[in-house]
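Read the figures in this text as sums done on the coordinates, not as results from a lab. Small disclaimer: the values here were computed from a predicted structure and weren't measured. FYI the Cβ positions are ideal-geometry reconstructions off the backbone, even for glycines, and counts take in every protein chain you see.
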Amino acid sequence: MRGVLLMCLAVLMFNTMNVIIKSIYDLYPITQMVWLRYGFHFLFVVALFAPHLGRLFRTYSLKVQVLRGALVVSSAACMFTGIGLMPLATAVSITFISPLIVVALSMAVLGERVTWDRWIAVTCGFVGILVIIRPDFGGGWAVLLPICSAVLYAIYQIITRRIAMIENPYASTVYPALCGAIALSVVQPFEWVTPQPVHWLLFVVCGVLGAAGHFFVVQAYARAHANVVAPFIYTEILGAMVWGYVVFHELPDAWTFIGAAIVAASGIWVVLAERRLQAATRQA
């Protein structure tokens, strides 16, 4: 339950960050926005964990941490581009193929037992996503961006779960930001657009939200199996619908509400199934 709660908090952080990025999408290059987001993410983590600076960069596998960084930065770049080209709720909903990938990989890579009711719950969640977007994919080629984002993020989640029990959470939080800041620094001199003063503040907020979200993800996977936690990414659609209506006047239609209800029900079912399994294990 703690793992589920932490994942829901992480989703809230990422959802709010997406809204900020979408609101200024037309003003700055994508690479600059991703660079500033991860740059402030890195600075915030270093400042927050300054008393633990010795542990902050201590890692058992630098190559794995760099791989995680490359995956999550590439996923963010795809997502930031996608949300600028289509409604927020649609872009977010397409990324929800990620839990299906996580559930499949958690069995093959992590050796976790995936019960039939979890498969049914996650599949129902995916059906709910199809109800939301009605797969005519009217966004054209742009729908490929959140799909790529979902695939990259699913692999990132599996690797995070794989190393969660041996790596300290400080390193797992700081390395994605460090990799993103370093990798994207190369292109900044060629496309830099000086942000307006208020936008500097927004980029700082994005960095803080991103850092908090990643830390919550790491902590969630340290407390629960990947195939239990991953479906709660679906809760992001609820926030995306609310933000889309309040900020961008993107009013969800009836099909969106029906699909969201299916998604929410599938997530609740996963928790109930896990609790029944734990109760049966304790009784045995």
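Can you bin region 1-119 into rounded, prolate or oblate? Criterion: square roots of the alpha carbon gyration tensor eigenvalues sorted a ≥ b ≥ c, rounded for a/c under 1.5, prolate for a/b above b/c, oblate for the rest. Don't skip to the answer; put the middle values down first.
Working: a/c = 1.81, a/b = 1.08, b/c = 1.67.
Here region 1-119 falls in the oblate category.
With the crude spin-label approximation of a point 7 Å out along Cα→Cβ, what separation in nm comes out for TRP200 versus ALA70?
Rounded to a tenth, the inter-label distance reads 3.4 nm.
Among PHE232, PHE248, what is the fewest-to-most ranking by other Cβ atoms within 10 Å?
Fewest to most other Cβ atoms nearby, the residues stand as PHE248, PHE232.
Return the long-range amide H neighbours of GLU250 (sequence gap of 5 or more, or a different chain), with a cut-off of under 5 Å between placed amide H atoms.
TYR245
For the chain, list the DSSP H helices whose alpha carbon atoms reach 20 Å or more along the long axis and whose average Kyte-Doolittle value is -1.0 or above? Could the numbers behind the result be given before it?
Working: long enough: 2-23 (32 Å, 1.47); 30-48 (27 Å, 1.37); 62-85 (35 Å, 1.40); 116-133 (26 Å, 1.68); 144-163 (29 Å, 1.30); 169-185 (25 Å, 1.03); 197-223 (40 Å, 1.31); 254-283 (44 Å, 0.74).
Helices passing the filter in the chain: 2-23, 30-48, 62-85, 116-133, 144-163, 169-185, 197-223, 254-283.
Among PHE42, SER93, VAL72, pick out the residue whose Cα is farthest towards the positive end of the charge dipole of region 5-139, where Lys and Arg carry +1 and Asp and Glu carry -1 on C-beta, about the Cα centre.
PHE42
Modelling each spin label as a point 7 Å along the Cα-to-Cβ direction, I'd like the LEU130/ALA284 distance in nm, to one decimal.
Going by the 7 Å Cα→Cβ label model, 3.3 nm.
How big is the dipole moment of the chain about its Cα centre under a simple scheme where the beta carbon of each Lys and Arg is +1, that of each Asp and Glu is -1, and everything else is neutral? Debye, nearest 20, please.
On the way: 16 positive and 10 negative charges, 204 e Å.
Here the chain has a charge dipole of around 980 debye.
Once log10 I(q)/I(0) by the Debye sum over Cα atoms at q = 0.07 Å⁻¹ is worked out from the coordinates, which option in [x] -0.38; [y] -0.25; [z] -0.31 does it equal?
Looking at log10 I(q)/I(0) by the Debye sum over Cα atoms at q = 0.07 Å⁻¹ for this model, the match is [y].
From the Cα gyration tensor of region 160-276, with a ≥ b ≥ c the square roots of its eigenvalues, which class applies: rounded if a/c is under 1.5, or else prolate if a/b is larger than b/c, or else oblate?
Details: a/c = 3.02, a/b = 1.21, b/c = 2.50.
Since a/c reaches 1.5 but b/c is at least a/b, the shape of region 160-276 is classed as oblate.
Which is farthest toward the positive dipole end of the chain among PHE57, LEU152, VAL131, measuring Cα position about the Cα centre, with Cβ charges +1 (Lys, Arg) and -1 (Asp, Glu)?
The residue sitting most towards the positive pole is PHE57.
Counting each DSSP H run of 4 or more residues in the chain as -39500 (n - 2.57), what helix-only mean residue ellipticity at 222 nm follows after dividing by all residues, to the nearest 500 deg cm²/dmol? Don't skip to the end; give the middle numbers.
Values: 14 runs with 220 residues, N = 284.
Estimated from H runs of four or more residues: -25500 deg cm²/dmol.
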